[in-house]
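Right, one structure below, let's go through it.
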Amino acid sequence: MPTHTSKSDRPNRRRVVGLIGAGIAAPLLPAPAFAMSEAKAQSLVDSVVADINSVINSGKSESAMLRDFERIFARYADVPTIARYALGVDARRASPAQLRAFTDVFQRYISVKYGRRFREFIGGRIEVQGARAVKSFIEVKTVAHLRGEAPFDVTFLVSDRSGSDRFFNLFIEGVNMLLTERTEIGAMLDRRGGDIDKMIADLRAAS
C-alpha cells in the first residue's frame, strides 16, 4: 500500500520550486570532475538535433511524429533522472513499483508534451552552436530557425552520470524543462492529496 503524507507534513511544492531557480541542474549531478568531454556532449546533441530535424520535416502525421519523438527521448534523454527529479521529495516515499510506473508514464507524457513543442518547428531547423563545461555537466547550445520568426535558443544539458551520454535537462526559449515538470507534477500530487497512484493515473490520461 502507498504511504500517504498529510498536507501539513508535505512542503509547498510551488514555494520550494520557486526557491530553486534556474540553476536547477547542479543538485542532480555529482561535484567531482566528469569523464565526458565537450566534444562527446556536442556529438550527442548533433545526433539529437539530426533526429529532430528529420522528424519535423518528415511530413508524417502528428501521431506518427509523437511516436518518433518518444523514441528520441528514450534514446537520448536520461529519463529516470528527469522523472525522479520531477517527482521531487515524493520519490523518497514512492515504492519501487510506483517509481517504475511513474517513469514509464512520464516518458510518454514528456515525449508528447515536448514533441508537440518541437512539432511547431515544422519547416524550420535546429543548428548546434557549441558546447562548454559547466560544473559537473556540459551545456550544448543550439539555435532554432523557424519560418517567419526570429531565431531562438534551445539548450541541452548533458551528462554521463547514468553510465552513458544523455541529456538531462532542456531549455526552450529560456523555459527550464526540469523546473517546469517538477512544478506541474507537484501540482498534480497536491490535487490528489499526495496520492502517487492517482497522480500516475492522471498523467497516463494526460498523455
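Points worth noting:
- Net lengthening on full extension, residue 43/residue 147 (0.36 nm per residue, minus Cα-Cα): 34.8 nm
- Positive-end residue, region 52-207 charge dipole about Cα centroid, Cβ charges, pick of 171, 58, 145: 58
- Remark: region 128-181 carries a charge dipole of roughly 160 debye about the Cα centre, counting +1 on each Lys and Arg Cβ and -1 on each Asp and Glu Cβ.
- Gyration tensor (alpha-carbon) shape descriptor, region 109-207, a/c threshold 1.5: oblate
- Of all lysines in the structure, the ones whose alpha carbon falls short of 20 Å from that of residue 40, not counting any fewer than 8 places away in one chain, are 135, 141.
- Proximal lysines relative to residue 198, as straight alpha-carbon distance under 21 Å, when same-chain residues fewer than 8 apart are discounted: 7, 113
- Whole-percent carbon and sulfur share, accessible surface of region 37-167, 1.4 Å: 47
- Per DSSP, loop GluC sites (Glu not before Pro) in region 129-187 with at most 14 further Cβ within 10 Å: 149, 173
- Scoring 187-197, 161-171 by mean Cβ neighbours within 10 Å over their residues and listing the highest first yields 161-171, 187-197.
The values are calculated or read from the model by the stated rules, or taken from the named source; none is laboratory data. Since this is a predicted model, take the numbers as computed values, not measurements. Positions of Cβ are backbone-derived with ideal geometry, glycine not excepted, and every protein chain shown enters the neighbour counts. What goes into the accessible areas is simple: the full protein's heavy atoms, side chains included, and nothing from ligands, DNA or RNA. Shrake-Rupley method; radii C 1.70, N 1.55, O 1.52, S 1.80 Å.
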